[in-house]
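Taking it in order: structure first as structure tokens, then the write-up.
The values are calculated or read from the model by the stated rules, or taken from the named source; none is laboratory data. All values derive from a computational prediction rather than experimental measurement. Note: ideal-geometry Cβ built from the backbone for every residue, glycine included; neighbour counts use all protein chains shown.
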Amino acid sequence: AAEPAATEISPEQIAAWRERYYAAARSGAETDAAEVIGECLRRRLPLQDIHVEIIQRSLERIGEDYVAGEITEADEHIATELTQRVLGHASAFVPSKPANGRVAVVGCVAGNRHSLGPRMIADLLIHEGWTVLFTGADTPTPSFLDVVRRNRPQAVVLSCAVAECAEAARDLVERLRELRSGTQGWPFVIAVGGGYVNCEPEAAQAWGADFTAHDARGLSDKLTDLLPTVSWRAWG
């Protein structure tokens, strides 16, 4: 018999998976967390939904537990690190679409050590056929700009997770805009996300970013809207 399609998966089932993943990640039970994601993959839950509805929502709740003093900072780090490993295994089992010629640079601004969110964005874009250069956590501004300049992407995605990174994010967006409009520039979009921007979306607008997105699914949708397939070749 054919495996159930994603459309047959009920909201109640997704909520049950999310609860199990939350419990596993919160307690550091990596094998249990991996089993939840394995079930999602076997049922063909779309990768975007795994990232957002299962993993992101669970980690947001774990973050709230830390703020409330119910778990320690080490517990939160354990949940994040095991999720990084689970994501790596999951991505290996989901075939990517054919390469589409699009290039994105994704990473954290200087001072931002929270790299899981942009890592999920990078994974989803790779799954959609993009070539992604992921700079990881706490990327110095000159190094980030150098990667962009050398690879001439169509999209640059920055993560600003905490208020302490806001000045670095503002500076990087400003310098990206200068690069884009300069004599050696080319068209590309600048997206900014992360916990700080989710709470203060007007900040990214003030910096001059083209758009923000609360999660990887929203970012993917907005990129599709801003950059229709027919325009990519002209941007190369």
Query raised in the report: Which pairs have Cβ atoms under 6 Å, sit 6 or more apart or on different chains, and link a residue in segment 207-224 that is assigned by TED's automatic domain parsing to the domain that holds H51 to one that is modelled with pLDDT under 80?
Result: none
Requested in this report: Name the one entry in V52, V36 that is surrounded by 17 or more Cβ atoms within 10 Å (Cβ to Cβ) and touching a residue at least 60 places away in the same chain (Cβ under 8 Å).
Outcome: V52
**Report entry** Members of segment 5-25 that are in contact (Cβ under 8 Å) with a residue 40 or more places away in the chain and either surrounded by fewer than 21 Cβ atoms within 10 Å (Cβ to Cβ) or among the hydroxyl-bearing types (S, T, Y) (or both)
**Finding:** A6, I14, R18, Y22
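For L82, indicate whether it is closer than 25 Å to A15 by Cα, under 17 Å from the mean Cα position of the chain (by Cα) and modelled with pLDDT of 95 or more. Let's see the steps before the verdict.
On the way: closer than 25 Å to A15 by Cα: yes; under 17 Å from the mean Cα position of the chain (by Cα): yes; modelled with pLDDT of 95 or more: yes.
Here the answer is yes, as L82 does meet what is asked.
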Query raised in the report: Counting just the residues of segment 97-116 that are of a type in the set (A, V, I, L, M, F, W, C) and farther than 25 Å from P46 by Cα, which one comes out nearest to the chain's Cα centre (by Cα)?
Result: C108
Query raised in the report: Being among the hydroxyl-bearing types (S, T, Y), out of contact with any Leu (no Cβ under 6 Å at 6 or more places or on another chain) and under 28 Å from S91 (Cβ atoms), is that true of even one residue in segment 174-183?
Result: no
Report task. Residue by residue through segment 170-203, note down the ones that are in contact with a Ser or Thr (Cβ under 7 Å, 6 or more places away or on another chain) and touching a residue at least 40 places away in the same chain (Cβ under 8 Å). Result -> L172, G193, G194
Query raised in the report: Out of all the residues in segment 101-114, is one or more under 26 Å from E12 (Cβ atoms) and in contact with a helix residue (DSSP H, G or I) (Cβ under 7 Å, 6 or more places away or on another chain)?
Result: no
Query - Among (1) farther than 18 Å from A216 by Cβ; (2) modelled with pLDDT under 95 - the single one E76 does not satisfy - result: (2)
